[in-house]
Amino acid sequence: MLKGRLFKISSVLFGLLVSIVTFAQQRFPRPDFESDYKTPTLEIPEPRHGILEYADVLILLIVLLLATRFVLQKRSRKGILYLSVFSLLYFGFYRNGCICSIGAIQNVALAIVDPSYAISLTALAFFMLPLLFALFVGRVFCGAACPLGAIQDLLIIKPIELPVGIRKSLGLLPYLYLGLSLLFACTQTDFIICRYDPFVGIFRMDAKFNMLVLGGSFLIIGMFVGRPYCRFLCPYGVLLNWMSKVSKKHLTITPSGCVDCRLCERSCPVDAIKKPVADPVSKKKDINRFLISSLLIPLWILAGGYVVSSAHVYLSKANRNVQLAELLISHPEIKNDPDHIDVQTFLTSGKTMQTLLGEAAQIREQFRIGGWILGAFLGLAFGLMFTRKTIYRNRTGYEPDKGNCVSCGRCMDYCPVGKPNFEELIKTKIGTQS
Amino acid sequence: MTDNSENNAQNRREFIRSSSRFALALGIGGLGGLVLNKAKAGEYVWQIDPFECTQCGRCADECVLTPSAVKCFHAFDLCGYCDLCGGYLKPGAIEMNTAAENQLCPTAAIKRNFVEEPFFEYTIDEDLCIGCAKCVEGCSSFGNGSLHLQINQDLCVNCNQCAIARMCPSDAISRVPYDDPYKVKGDFTKSKS
């Protein structure tokens, strides 16, 4: 009885309250309870303690320092292996792969172009530390501290040697990925590195199906082609490569002089061992090729800039504001679709069409300018790749390719120089290789 | 003679290498300095502004976690303790009781407890809540709006770019300082312990 009456009363109240605009704070005032009912307090769980974020930086620093010691002083593959397992467990599975140095590129880029974006010190430290280490001791980060590298490295079963042509052409993909991620980050469109990180879903043990397929295929390919993500996609690898190329110190295959035993030849899973050059190419022909390809670089830059900037309309479609503006223009009838969340939210937000179009036009303009920069960058990378192909250097022993070497330390294990059973190693193993 | 030119070549290369190293070091240093200027001490976490939220329901689907780290929070001091609760009961519910067919929540995460005639207390079982905002929509349309969505910082993995923030149609999700990680509705919650 009472319930029924109350229902009617409250229904009437509803009608009134919904139809009349009320300025009162609460539609239904908080009741004065007659019983001794106590309002429960709302539990608000605290986030992980902020100090621990700095602990991550400290741990990264320690891992990098230890890796440096293992690579340069101890020459211990085992040490690097254990470190990479630790990094996989800690930065990967425990910290769920966020924040990572690769993704931090985007934070740094956005912090530079957007004055209102506040970057956290952790992200900055994660971006800077591996680069600084690469500048002085090579890419120890890749070998020991990167969880993405570690998960691939641990699953290498039988790496095949890729032909140089494939290696070099696929090696341009990271430049493209780096450029695109910077373009998308700077236009506040998306953080594509994080979104398409193939392994972060595995670290979280909670991946969307398509990302699981992507991550799984990288791991399966990685059993036979060492570290496919690192070599052919990782945008941070591009920066590390530059740093490592001119690094002050670097991992060496042999502790003293190379004896050309060729034991290390097949040890490198990422094809980063430079073999001795037997007969140098004629210098005259070489210089001509070098000059021509160098002179072509400005053309590559212009062509790249032109091509990418003319694609800016398509690229800008990744931005959600541009997407919405385009949708509203091309399909005005969508305004009547009550199920289209974005359109309905926009219509009720009170934002005018003009503002939206203005924003979209501005973003598109950013994409046009960014397209020129990105294209020029890609052109430069392309041109430099060709120029580099014309440079030959005489080499007598086996050396790591400083740019591409990820300091995993496998080659050090294979090198017989300085090992107690030197003679035996040379005799038994050299016979098995043709 | 050849030895000498070899040596020269070596020296030249070493010079190029060390000067590029210097240039790169300067580059990173400059970049770091530039960014450091803007860097804020302290960390950031993602949070929903309940006053911007339009209850579109994407929080349930877009989060990288399953179920979502977004949960319904109940500001008890805002609640009217209504019998006819717009957040608890389906529109057109046959009866006002806890029968499953009357509940709006798809996972029955809202518990309805009788306090005294005619008031009922509503609490959220966070383990069941999927952050779909159905109850939030009901409560904000017909009630006081005491039910609202917040990102549970205990569950959130704090992605570099929040996947929900990217898809949020009303830009209700933003980064907030770690020290003040919630935008909970109501008064008493402001004074955080």
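The values are calculated or read from the model by the stated rules, or taken from the named source; none is laboratory data. It should be emphasised that the depicted structure is a prediction, and the values quoted were computed from it without experimental measurement. Cβ placement follows ideal geometry from the backbone for every residue including glycine, while neighbour counts extend to all protein chains displayed. Remember, those area values only see protein heavy atoms, side chains included, never the ligands or the DNA or RNA. Shrake-Rupley method; radii C 1.70, N 1.55, O 1.52, S 1.80 Å.
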How much accessible area does residue B:149 have with a 1.4 Å probe, in Å² rounded to the nearest 10?
10 Å²
Whole-percent carbon and sulfur share, accessible surface of the protein assembly as shown, 1.4 Å
62 percent
So what is log10(I(q)/I(0)) for the stretch B:44-190 at q = 0.17 1/Å, when the Debye sum runs over its Cα atoms only?
-0.90
With charges only on Cβ, +1 for K and R and -1 for D and E, what is the dipole size of the stretch B:44-190 about its Cα centre, in debye, rounded to 20?
380 debye
Distant-in-sequence amide H partners of residue B:115 (H built 1.01 Å from N, under 5 Å):
B:120, B:121
Summed residue charge, Cβ within 13 Å of residue B:99's Cβ, Lys/Arg positive, Asp/Glu negative:
0
Under 5 Å, built H, 5+ apart or other chain: amide partners of residue B:73
B:148, B:149, B:150
Taking the Cα centre of the protein assembly as shown as the origin and placing charges on Cβ (Lys, Arg +1; Asp, Glu -1), which of A:269, A:198, B:139 is farthest toward the positive end of the dipole?
A:269
Long-range amide H contacts for residue B:89: which residues qualify at under 5 Å (H placed 1.01 Å from N, peptide plane, sequence gap of 5 or more or a different chain)?
B:104
Below 9 angstrom from the Cβ of residue A:412, what's the summed charge of the other residues (Lys, Arg +1; Asp, Glu -1)?
+2
Relative contact order in percent for chain B (Cα pairs under 8 Å, 6+ apart) equals 33 percent
Residue by residue through the stretch A:32-48, what is 3J(HN,Hα) from phi via Karplus (6.51 cos²θ - 1.76 cosθ + 1.60, θ = phi - 60°)? Round to whole Hz and write x for glycine and proline.
8, 6, 8, 6, 8, 6, 10, 5, x, 8, 7, 7, 10, x, 6, x, 3
Scoring chain A by relative contact order with C-alpha pairs under 8 Å, at least six apart, yields a percentage of 22 percent
Where the only charges are on Cβ atoms (+1 Lys, Arg; -1 Asp, Glu), what is the dipole of the stretch A:301-396 about its Cα centre, to the nearest 20 debye?
940 debye
With a 1.4 Å probe on protein heavy atoms only, work out how much accessible surface A and B bury together, total over both chains, in Å² to the nearest 100.
6500 Å²
May I ask you to evaluate 6.51 cos²θ - 1.76 cosθ + 1.60, the Karplus curve with θ = phi - 60°, for each residue of the stretch A:91-105 and list the ³J(HN,Hα) values in order in whole Hz, giving x for glycine and proline?
5, x, 6, 7, 8, 6, x, 9, 8, 10, 4, 5, x, 5, 3
Per residue, the convex hull enclosing the Cα atoms of chain A spans a volume in Å³ of 228 Å³
Where only protein heavy atoms count, and the probe is 1.4 Å, what is the accessible area per residue for the stretch A:283-389 in Å²?
61 Å²
Short version: ³J(HN,Hα) in whole Hz for each residue of the stretch B:78-83, in order, from phi by Karplus 6.51 cos²θ - 1.76 cosθ + 1.60 (θ = phi - 60°), x for Gly and Pro, what are they?
9, 6, x, 6, 5, 6
